[in-house]
Amino acid sequence: MTLNSTAAPHAPLGAFSGVLTAIATPFRSSGDVDLPAYERLLGLLSSSGTHGVVVAGTTGESPTLSQEEKSLLVRTALAHRTDAFRVYVGTGSNDTRETIESSLRFASLQGVRGQKVDGVMAVVPYYNKPSQAGQFAHFSAIAQALGSTPLCLYNVPGRTGVALAVGTAARLFEAHTNIVAIKEAAGNVGVITELARALAPVRARRPVEILSGDDPTFAPALLCGATGVISVTTHLIPKAMVGMWKAARENDLGTLARLHAATYPVNTELFCAPNPCALKWALAKLGLCENVLRLPLAPIEEKEQGLVGAALESVSAAGVELIA
């Protein structure tokens, strides 16, 4: 198996399964959404073998997007939706009522052919730092309001200032059957292991996805109980990331180890600055969009450009195919 092998075409997957991309939002120098560049990214990701996108997440600079822009991005993504390439949307905020309203709005949104999103993702409330009881009540209220719409929990304590405890997550999965996945972005494979152990009783009854939210630890996370990833670096090295996922499923540990080592430079250096600052620079270098971010984010500086540029050269030299 070569470094870029994606084996046979992937079969249809369930909600929040496989290798998903937290897709960036390209902007023009005017600051407006660059829809042609966004369409180009969607087409490349779909044809690369990844399993879908999460629109309006952290990588998509969601705090700076208007509701109209989010709706445009979701509708545009839905035009690319197939059984093999799914569309999800980030709806979380630190206001439970706002999160419910946003989740319901996007759960009912339709594409031009009547397509709907495959699920929504809600982050642990940031800034106000709720207790575990508050987090349980927050996610329970969202799950109850959504009915049958699949919900993915998103734990990223480095950004939110508070973590969703493993025990709280397990209680939420026990209480709500439409909570189907968790994106775990603490960057700690020990937490992945603890989640896998805690969720074992639920997973014996129904599908539950544990998704890595940390590209550098994706490979070890797969060995510790993760079933997929919501990734940033799939913008650049999608086939290799899908290759890692497939290698883990096939118990091909040699290929998993080789891909992990070969992709490690990009999987680490892309986070040398707050996401998606380095990603936007890399995408611009590959000619896929302009290096434009919305304030308060700013483009990476020369030192960081050198790190990311060297990482791209390193993975290419190792035989990893870049998206463009």
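The values are calculated or read from the model by the stated rules, or taken from the named source; none is laboratory data. Predicted, not measured: the structure shown is a model, and the values here were computed from it. Virtual Cβ from ideal backbone geometry, glycine too; neighbours counted across all protein chains shown. These area figures cover heavy atoms from the full protein model, side chains too; ligands, DNA and RNA do not enter into them. Shrake-Rupley method; radii C 1.70, N 1.55, O 1.52, S 1.80 Å.
When the P(r) is computed for segment 110-149, the part past 12 Å accounts for 68% of the Cα-Cα pairs.
Can you order the peptides 192-198, 249-255, 33-39 by their average number of other Cβ atoms within 10 Å per residue, highest first?
Answer by packing, highest mean first, reads 192-198, 33-39, 249-255.
For segment 138-277, what does the alpha-carbon gyration tensor say about shape, rounded, prolate or oblate, given a ≥ b ≥ c as the root eigenvalues, a/c under 1.5 as rounded, and a/b over b/c as prolate? It comes out prolate by the Cα gyration axes. Using the alpha-carbon positions of segment 227-324, Rg (one decimal) and Dmax (whole number) come out as 13.9, 44 Å. Answer rounded, prolate or oblate for segment 26-91, using the Cα gyration tensor with square roots of eigenvalues a ≥ b ≥ c: rounded when a/c is under 1.5, else prolate when a/b is larger than b/c, else oblate. Prolate, because a/c is 1.5 or more and a/b exceeds b/c.
What would the Debye equation give as log₁₀ I(q)/I(0) for segment 4-114 at q = 0.14, 0.20, 0.22 Å⁻¹, counting only Cα atoms as equal point scatterers? The computed values of log10 I(q)/I(0) come out as -0.57, -1.10, -1.28. Matching the structure-derived Kirkwood radius over Cα pairs in Å against the labelled list (i) 19.5; (ii) 21.8; (iii) 21.2 gives the label (i). Can you compute the label reach from TYR127? Point 7 Å from Cα along the Cβ direction, backbone N cut-off under 13 Å, restricted to segment 25-68. Backbone N within reach: 63-64. Among the lysines of the chain, pairs that are 8 or more positions apart or on different chains and have alpha carbons within less than 22 Å of each other number 11.
Between ARG28 and GLU313, the FRET efficiency from the beta-carbon distance, with R0 = 22 Å, is close to 0.20. With the convex hull built on the Cα atoms of segment 65-104, state its orientation-averaged projected area in nm². Over every viewing direction, the Cα hull of segment 65-104 projects on average to 3.2 nm². Per atom type, the chain shows carbon and sulfur on 53% of its accessible surface, probed at 1.4 Å. For a modelled paramagnetic label at ALA324, 7 Å from Cα along Cα-to-Cβ, the residues of segment 235-252 in reach, with backbone nitrogen under 12 Å, are 236.
Taking the Cα centre of segment 261-307 as reference, the dipole from Cβ charges on Lys and Arg (+1) and Asp and Glu (-1) amounts to some 120 debye. Between the beta carbons of ALA84 and GLU301, assuming R0 = 35 Å, the FRET efficiency works out to 0.35 to the nearest 0.05. Full extension of the segment from ALA137 to GLU290, taken as 0.36 nm per residue of separation minus the current Cα-Cα distance, would add 51.0 nm. Across segment 136-216, Cα-Cα distances exceeding 20 Å account for 27% of all pairs. Spherically averaged projected area of the convex hull of Cα atoms, segment 78-208: 8.1 nm². Take every Cα pair under 8 Å whose residues are at least 6 apart in sequence, average their separation, divide by the length of segment 242-324, and the relative contact order is 29 percent.
Relative to the Cα centre, the charge distribution of the chain, modelled as +1 at Lys and Arg Cβ and -1 at Asp and Glu Cβ, gives a dipole magnitude of about 740 debye.
How much length would be gained if the chain were fully extended between THR177 and SER66, taking 0.36 nm per residue of separation minus their Cα-Cα distance, in nm to one decimal?
Computed gain between THR177 and SER66 is 36.9 nm.
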